Amino acid sequence: MAEVFRHFQYPTPPLAVYPAETIEAYRAFIARRRASRPGEQYRIPTEEAWDAFPAHVEKRKVSIGTCARAFGSPCIHEHACVGCSLLRPDPAQRARLAEIRDNLIARNAEAETEGWLGEIEGLQVTLAGAEEKLRRLDQGHGQHTALNLGVPTMRGDR
Ligand code: SF4
């Protein structure tokens with residue numbers, strides 16, 4: 001099955017070539033999914049929706065990465081991106097994120113020294129988010145690398 005998926009490395013993005021039966025199985029899957037969903041969910045987008053889409057994409061760009069919230073939905077985390085699980089950190093902004101992390105450590109230490117207990121919990125949540133994002137960047141997440149999607153099974157394979 002290994003020869004079924006041949007990946008050609010172009011500058012960006014990588015191109016996967018699939019056999020005809022895989023494409024047919026995928027199309028059949030999509031047709032079944034569409035048949036099982038109410039027709040009104042497949043309405044044609046309005047002009048206003050098309051106009052709003054680029055604006056939404058532009059608003060998803062933040063200083064340390066890209067917000068992955070769903071189209072048309074507002075930020076429900078008060079733009080506290082460092083601690084937010086919806087942020088996809090930008091590898092080019094690693095130094096900025098490390099600076100934010102170091103600042104959070106200093107602020108947390110100051111809050112503990114001064115007894116600002118009301119601030120400590122929030123600072124630690126944000127600090128945990130910053131450290132998690134730095135860890136993801138250091139593990140290569142967010143880089144544009146090839147992703148192994150595995151081999152799909154078809155009905156005849158079972
Ligand atoms: S806090 Fe989360 S949802 Fe809000 S803008 Fe930042 S990443 Fe997006």
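The values are calculated or read from the model by the stated rules, or taken from the named source; none is laboratory data. All values derive from a computational prediction rather than experimental measurement. Backbone-built Cβ (ideal geometry, glycine too); neighbour counts: all protein chains shown. Remember, those area values only see protein heavy atoms, side chains included, never the ligands or the DNA or RNA. Shrake-Rupley method; radii C 1.70, N 1.55, O 1.52, S 1.80 Å.
Under 8 Å by Cβ, and 6 or more places apart or on different chains, what pairs join a residue from the stretch 48-67 that is over 23 Å from C84 (Cα atoms) with one that is at pLDDT below 80?
A52/G72
Could you please give the count of residues in the stretch 87-122 that are within 16 Å of the ligand (Cβ to nearest atom) and assigned to a helix (DSSP H, G or I)?
Count: 6.
Name the single residue that is nearest to T126 (Cα to Cα) among those in the stretch 28-69 being open to solvent by 60 Å² or more (accessible area, probe 1.4 Å), within 16 Å of the ligand (Cβ to nearest atom) and assigned to a loop (DSSP other than H, G, I, E, B).
S63
Give the stretch 136-157 a look and list any residue that's within 17 Å of A92 (Cβ to Cβ), at pLDDT 65 or above and open to solvent by 80 Å² or more (accessible area, probe 1.4 Å), or say none.
D138, Q139, H141
Any residue in the stretch 73-97 that's within 10 Å of A130 (Cα to Cα): show its pairings with residues that are of a type in the set (S, T, N, Q) and open to solvent by less than 80 Å² (accessible area, probe 1.4 Å) at Cβ separation under 7 Å, as long as the two are six or more apart or on different chains.
Hits for this filter: V82/T126; G83/T126.
If I filter the stretch 109-126 down to residues being farther than 17 Å from A80 by Cα and of a type in the set (D, E, K, R), which single residue comes out as least open to solvent (accessible area, probe 1.4 Å)?
By that ranking, first place goes to E110.
Are any residues in the stretch 81-105 open to solvent by 60 Å² or more (accessible area, probe 1.4 Å) and not polar (S, T, N, Q), and if so, which ones?
L86, R88, A92, R94, A95, R96, E99, D102, I105
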